[in-house]
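Trainee: Take this structure, written in structure tokens, and hold onto it; I'll ask about it next.
The values are calculated or read from the model by the stated rules, or taken from the named source; none is laboratory data. Quantities reported herein were computed from a predicted structural model and do not represent experimental measurements. Cβ sites come from the backbone with ideal geometry, for glycine too, and all protein chains shown count toward neighbours.
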Amino acid sequence: MKNESRSNNDVGNRGVIEVKSKKSSKKIFILLASIFGIFVVAAMIIKMLPSKEVEQTGLEPKNETLISNSQDGASLNSVMKTIMQNKQREETERKQREEQAEKEKKQKTEINSDNDSTMQAMAMQGQSSSHSSSQSGNGQEKERPLTKAERQITGDTLVKIETRNEDKRSEKEKDSLQGETYADGTVSFASNRRFLLAAGTSLSCVLQTKIVTSYPGITLCQLTKDLYSDNGETLLARRGAMLMGEQNKVMTQGVARVFVNWTNLKDGNVNVKIGALGTDGLGASGLPAWIDNHIFQRYSGAIMLSLLGDGMDILKNTTQKSGNNSNITYDNTSDTAQELAKTTLENTINIPPTAYINQGTVLSVIVPRNIDFSEVYGVQ
């Protein structure tokens, strides 16, 4: 029966086109749609994964301007926040590096200062020990000079020596009751007072020659009184005996006395080498004199040249103030006048003063040593 029905159906449907794959095409469409959906979901998951990693790790792309919306799902606010965090982190690291460098610099400075102070202390100890040893060994022996290495270590040896001397002077000044220590004196008998011209004897004389200190020269002075021995018994030099002296000291600014050294005393055929000092009537060292400071010679040339320069400046100003259009310059003349004034002042400012002592001035001569006349004099 079944076979007959099938054959009948086949005969009846021969002219009709049947589509048997409708149900199978729907299944294929559903399968493709599901596969496409799976791909879409996978793509979305893949897109979401990089953004999560960026948010978790906080990594920043090297060039933020190249980041596209397709590659990064983060918003503009999150990007700016990340940039600010990175800047703050870099600033913090920079400050830490600067602080570390500053600490290292301070440590090096402290180490160098400690080394310098240690070297100075060692140098001071070495100097004090050498100074004490030299003083204990021999008080008159000079201090040993520092070697080159010691000078390089100390660097300011001279300053320290001066400071030590100043400390010694200050200690002496503080103890005002402590006097100086002098060598012991000796006692001896005078050789022969009968023919002895004792040290400290004052001779009165009258100047015979005028003294002008422009050049060194010889001067003469005549005794006004007889000169007797130490015991007053023997006449050693008669009144009128001649003293011969030398004046060879150049006068300086502010000095109003002339230094004269009296070398010989001549009485007849007796010549005595005394080497005495010249004083005034009261015994003050040096001979009083009239002083010419040469004020005019020292300053007149410079003043005249300065006035000439001022005159040139006045002429220059007058010419420039005139109404004409001509320009006249006197710079060379003014500069030359100033240079001449400067040179003239340098040459004349150091002119030494000149002292004058007229003849007939009464002077004194003090004998500085004992002189024995027994070789030339005798008592009958």
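Trainee: Mind checking which residues of the stretch 271-313 are surrounded by fewer than 14 Cβ atoms within 10 Å (Cβ to Cβ), in a strand (DSSP E or B) and of a type in the set (A, V, I, L, M, F, W, C)?
Mentor: Residue satisfying the conditions is TRP290 alone.
Trainee: Please work out which one of (1) of a type in the set (Val, Ile, Thr); (2) within 30 Å of ILE291 (Cα to Cα); (3) free of Cβ contacts under 8 Å to residues at least 40 places away in the same chain is the condition VAL187 fails and give its number.
Mentor: The one condition VAL187 does not meet is (2).
Trainee: Given the conditions (1) at pLDDT 75 or above; (2) in contact with a Ser or Thr (Cβ under 7 Å, 6 or more places away or on another chain); (3) of a type in the set (Asp, Glu), report the number of the one that ASP313 does not fulfil.
Mentor: (1)
Trainee: Kindly list, by first and then second residue, each pair from a residue in the stretch 194-208 that is free of Cβ contacts under 8 Å to residues at least 40 places away in the same chain and surrounded by 14 or more Cβ atoms within 10 Å (Cβ to Cβ) to a residue that is outside any loop (DSSP other than H, G, I, E, B) and not basic (Lys, Arg), limited to pairs with Cβ atoms under 6 Å and residues at least 6 apart or on different chains.
Mentor: From residues that are free of Cβ contacts under 8 Å to residues at least 40 places away in the same chain and surrounded by 14 or more Cβ atoms within 10 Å (Cβ to Cβ), there are no pairs.
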